[in-house]
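Here the structure comes first, spelled out in structure tokens, and everything after it is commentary.
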Amino acid sequence: MLAALTGCNQSYSQVQQTSPVPKLKVVTTFLPMYWFTKAVVGEDKVEILVPPGTEVHEYQATPANVSAIATANVLVKNGINLEQFLDGTVKSAQNNQLKEIDASANIESLAGNPHVWLDPVLAKQQVANIRDGLIAANPENKATYQANATNYIQQLEKLEAEYKRSLQKYSNCTFITFHNAYPYLAKRYQIKQVAVVEIPEDQLSPTDVQKAISAVRQYKAKAIFGEPGVDNKLLKALSKDLNLTLQPLDSLESGTLDPQHYFQAMQANLKTIEAACK
């Protein structure tokens with residue numbers, strides 16, 4: 001950095017050596033944690049352990065995952081028992097200097113359901129938790145983390161307002177899902193999710209089908225939501241038999257690595273829910 005220093009009767013310039021802000025090696029578990037962390041970190045590199053589109057609920061760690069954690073400064077996880085592969089993986093990595101950030105710290109879970117990132121309000125809390133954890137790990141970069149987090153949180157607040165404005169006229173609308181991913185979103189906006197299976201299922205069992213039929217009749221549900229990219233003929237036939245719209249609803253576990261993808265996917269989900277509840 002070139003600094004021009006001026007005295008009373010003379011002027012001169014000198015090159016002042018400054019130490020660069022130290023960079024962290026940050027590892028995240030799966031896509032939403034990557035987005036939120038990358039948005040806060042900014043230009044520094046962030047790694048992801050679970051490839052986008054891979055089922056995180058049943059993920060088995062790889063040697064590359066162990067190696068990544070072994071050399072990381074910070075590990076960001078969703079928590080609420082989602083990343084069950086982590087305990088053994090972190091232990092195998094033997095990294096005594098590793099700092100773990102639980103993005104769901106101080107968030108009250110609904111029956112242990114981990115899908116808090118699908119509620120924009122709770123997503124703001126996750127971003128704030130990640131910001132605070134990164135500041136604790138690298139206080140020299142506090143200003144950057146704060147500014148980046150503030151920008152992303154402002155976007156989340158706009159998304160939150162859009163959801164509230166759009167869904168307030170559809171309170172108590174009931175929808176059927178085959179992935180128990182939306183209780184936080186449903187509670188926030190006073191709509192009702194009825195999940196007939198706990199995690200995404202490509203192959204529905206006869207019991208799943210019977211649960212769906214019973215739920216539709218009991219709750220007079222207006223829509224059935226499946227997983228994006230899953231072509232399930234049984235689900236299509238079921239929705240046709242029940243005279244219900246079948247739409248994909250995105251749990252945001254697949255997509256691009258751009259942190260802005262969160263907003264694109266959430267806005268698409270909003271349009272899907274709104275159309276189904278009309």
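Things worth noting here:
- Residues of segment 223-237 satisfying the condition of being part of a helix (DSSP H, G or I) and either surrounded by 21 or more Cβ atoms within 10 Å (Cβ to Cβ) or among the acidic types (Asp, Glu) (or both): Leu235
- Residue within segment 247-269 that is at positive phi and either assigned to a helix (DSSP H, G or I) or out of contact with any helix residue (DSSP H, G or I) (no Cβ under 6 Å at 6 or more places or on another chain) (or both) present: no
- Subset of segment 56-76 (residues that are in a helix (DSSP H, G or I), modelled with pLDDT of 95 or more and either under 23 Å from Pro139 (Cα atoms) or of a type outside the set (A, V, I, L, M) (or both)): Pro63, Asn65, Ser67, Ala68, Ile69, Ala70
- Selection status of Gly53, modelled with pLDDT under 95 and under 19 Å from the mean Cα position of the chain (by Cα): yes
- Conditions (1) touching a residue at least 24 places away in the same chain (Cβ under 8 Å); (2) in the same structural domain as Leu246 (by TED's automatic domain parsing); (3) over 19 Å from Glu83 (Cα atoms); (4) polar (S, T, N, Q); number of the one not met by Gln155: (2)
- Each residue in segment 262-278 was checked for being surrounded by fewer than 18 Cβ atoms within 10 Å (Cβ to Cβ), of a type outside the set (A, V, I, L, M, F, W, C) and closer than 28 Å to Val40 by Cβ, and 3 of them qualify.
- Qualifying residue in segment 77-88 (condition: surrounded by fewer than 17 Cβ atoms within 10 Å (Cβ to Cβ) and part of a helix (DSSP H, G or I)): yes
- For segment 28-39, the count of residues that are in the same structural domain as Thr150 (by TED's automatic domain parsing), under 22 Å from Ala143 (Cβ atoms), among the basic types (Lys, Arg) and modelled with pLDDT under 95 is zero.
- Take the conditions (1) modelled with pLDDT under 85; (2) in contact with a His (Cβ under 6 Å, 6 or more places away or on another chain); Gly255 misses just one of them, which is (1).
- Residues satisfying the stated conditions in segment 235-252, i.e. at pLDDT 90 or above and either of a type in the set (A, V, I, L, M, F, W, C) or not assigned by TED's automatic domain parsing to the domain that holds Ala223 (or both): Leu249, Leu252
- In segment 41-59, the residues that are crowded, with 19+ Cβ neighbours inside 10 Å form Cβ pairs under 8 Å with partners that are basic (Lys, Arg) and outside any loop (DSSP other than H, G, I, E, B), at six or more places apart or across chains, as follows: Val46/Lys38.
The values are calculated or read from the model by the stated rules, or taken from the named source; none is laboratory data. Nothing here was measured: the structure is a model prediction, and the numbers come from that model. Quick reminder, even Gly has a Cβ in these numbers, built from the backbone with ideal geometry, and neighbours come from all protein chains shown.
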